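Here is the structure we will look at, set down as structure tokens.
The values are calculated or read from the model by the stated rules, or taken from the named source; none is laboratory data. Here the structure is a predicted model, which means the values were calculated and not measured. Neighbour counts are summed over all protein chains in view; Cβ atoms, including those assigned to glycine, are modelled from backbone coordinates with ideal geometry. SASA here: full protein model, heavy atoms, side chains in, ligands and nucleic acids out. Shrake-Rupley method; radii C 1.70, N 1.55, O 1.52, S 1.80 Å.
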Amino acid sequence: PQPLSRHRRDCKRRCSPMAKPARLDALDVPPLPVPVLPPRVEHLLLNDEGAGDQLVPLADIVARRLSIPLSFAEALMEFGAVHYADLPPSWERDPVVHDFRQEVIARRDIRHPDSQAQIKRATDAGLAVSEWGGYVRVHMQPKRFPEASRLSGDDWRRRVVEETEHFVCIDKPWGVNVAPTVDNLRECCLHMVRTHALADGTAKEEDLRLTSRLDAGTSGVLVLAKSKSFCSYFNALLASHSSRTSADSPPPPSSPSVTKTYKVLTRGAMATGILTHYARVGVRRKGLPVMTEIFTEEEAAQEREKREEGGGAKPLALCQLRVLSCEPLGRIQMDGVDDNGSE
């Protein structure tokens, strides 16, 4: 989340047409616009006093308030780029939103406002809502993962390594997110596998579950569960692997285990052996996205001393990587490297 002043400027911005035209090519299939479109988010307070209790399709409201074609508003919803709540969020530092929220709570005599203020993705173009009392967030220029669309349905089916009644294992392509992002429901492995790669009748679309994640820039083996029970089982295997105190600690004899092996291109030689660092996950700081902090052995020791003295910071997680081998590939050309290539 960005500072409130960047995205929630004033009442006019939220309640009147956009200051600059919409990019109607934001959802184009590859090739995408060049340069890549930056994030653009519009926040709408549904505060039409004359609306009454009549329900109106949300797509119509988005199209009218943002001065965009109805077809584009519907496409944004289907893409997963529109979110809606029956009650505005609690932005105490934004007096316009805060005061309107309090007015809605009082008029509707809402006893449990937090439950009605949950912002949910709105994908159904036929969803009808009141034009007074709600809140809409529209991601006008979603983050794109074009590699997902470049691969055909047959390509995705060929990437299935193994499928059983309990799971489907795929060879994840580079450049595709595993799970949906806040503004893109379609261009991810979960959606593409659900849509193209499952054998007929083996699992309902809503039953496919994530067991682990690979970064968008990482390719390789990805396991998706077809049931809650297998998801719990596989997550327990991953947790067992993560909880070992040393990378040299083997799993118990005859016990199922998970081992992850990566192939990485580096700009220089790496020494073989175990690399260790520590991490604090889910760190929140005012005005910044949630982040992970990395610590060396020495820094981790200092953090432990602080905790022993009564510091309230989260404990650190042990992170270890074993470098199995490192071999030179010669001179290759890489993006962002001069014409002479890189060792």
Legend entry - Highest-first arrangement of 180-188, 47-55, where packing means the average Cβ count within 10 Å: 180-188, 47-55
Inset, instruction - Determine, from the Cβ-Cβ distance of residue 195 and residue 290 and an R0 of 30 Å, the FRET efficiency 1/(1 + (r/R0)^6), rounded to the nearest 0.05. - result: 0.50
Legend entry - Estimated dipole of the stretch 106-224 in Debye, rounded to 20 [Cβ of Lys and Arg +1, of Asp and Glu -1, Cα centre]: 480
Legend entry - Filter on 172/228; 143/263; 260/306; 286/306; 263/306; 143/286 - keep pairs with C-alpha separation over 29 Å: 260/306; 263/306
Inset, instruction - Compute the accessible area per residue over the stretch 28-187, keeping the other protein chains in place, probe 1.4 Å, unit Å². - result: 49
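Quick check: residue separation of residue 120 and residue 308 times 0.36 nm, minus the Cα distance between them. What number comes out in nm? Write out the running numbers ahead of the final one.
Values: separation 188, 0.36 × 188 = 67.68 nm, distance 4.10 nm.
Value of the extension gain: 63.6 nm.
If you filter the stretch 85-119 for trypsin sites (Lys or Arg not before Pro), then keep DSSP loop positions with at most 14 other Cβ within 10 Å, what is left? Don't jump to the answer; show the numbers that get you there.
Numbers: sites: 93, 101, 107, 108, 111; in loops: 93, 111.
Sites meeting the loop and neighbour criteria: 93, 111.
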Inset, instruction - Kindly provide the GluC sites (Glu not before Pro) of the stretch 73-175 that DSSP labels as loop, not H, G, I, E or B, and whose Cβ sees at most 13 other Cβ atoms within 10 Å. - result: 92, 165
